[in-house]
Each structure stands twice: as C-alpha cells, then as structure tokens.
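Everything on this sheet refers to the single structure shown next.
All of the numbers you see were taken from the coordinates with simple rules; none came from a lab. These numbers come from a predicted model, not from an experiment.
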Amino acid sequence: MTKFLLTVHVLAAIIAIGPVTVAASMFPAAARTALAAPGDVRATAVLRTLHRVCRVYAAVGVVVPVFGLATADSLGVLGDTWLIVSIVLTGLAATVLAGLVLPGQDALLAGLDTTDGDGPGDGAPDRRATARLAMYTGMFNLLWAVVTVLMIVRPGSTTGA
C-alpha cells in the first residue's frame, strides 16, 4: 500500500504542481506583453489561459499533500523534522499561491478588461504589479523547490542519499 500511496503522491506532484509552477512563471511576462498592447485580444487570451491553468491545477494539487500525509503515515515518519518542515513549507506555498499569486493574476486580468469596449479597464495595472506578481511567483516556486529537495534528501533517511 505504501508504494501505491507514494506513487500517487509523486505523480500528483508532477501532474498538478508542475503546470501551476510553469503557468504562474509565464504569467508576468505575458502580462507585460498584454500591457504593452492593451487592445491585443490574443495576449489577453493567453493570460486567461495561464490563469485558468493555475486555478484548476492548484485545486487538483490538494491531492499532493493528502497522499503525502497518507504515505508518511504508512512509513511511520509523521513526526520526523524534515516532514514537519515540508508540511509547513507546503502550507506557506499554498498560502502564497492562494493569497498572492492567484489574486495578483485576477487583478492584472481585471485591469486589462475593457469596461466599455473601447480600451483597457479603468484600473489598468502597471509594470510594478507584474514585477510584484513575478516576485510572489518566485517565492512560490522556491518554496516548492525546497520541499522537493527535502522529499528527496530526507535528512536522517536510511536511503544513503
């Protein structure tokens, strides 16, 4: 059963977290492109698609910690420090995604929406908003990178890695 749980956990991490990481990383640059050409329907469509990928896969990503906890329980490592740190960092990554990245994407999209069909929305975002979003996305990616390293190295593990 442990092998099954671990397999689902790793596959879910690759399939769910990977697309969020890539789409969120692409969003700020695509937003700068859309800001440079406010009437470009294609640029706005790209942003909407990237945002949809982030939202949908973030929801699917809930499976990752669920199966991770089940795997940890079956391995008897729930109290290990590396796992507790990983859980905390995963929570921080989820908070950054849900509290900063996704709302930042929402705000940029809202600012690009036309209010009367003539041009950009009244609260058109600026380059600082895209830079801030890029920073939040970098924080999210860095947190997941650290969690991944902890999952592989697992301080005190018996794998010899």
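Structure remark: mean-square fluctuation, Gaussian network model of the chain, C-alpha springs under 10 Å; the largest value among ALA129, ALA37, ALA94 belongs to ALA37.
With 0.36 nm allotted per residue and the present C-alpha distance subtracted, the VAL77-VAL149 stretch has 24.3 nm of extension available.
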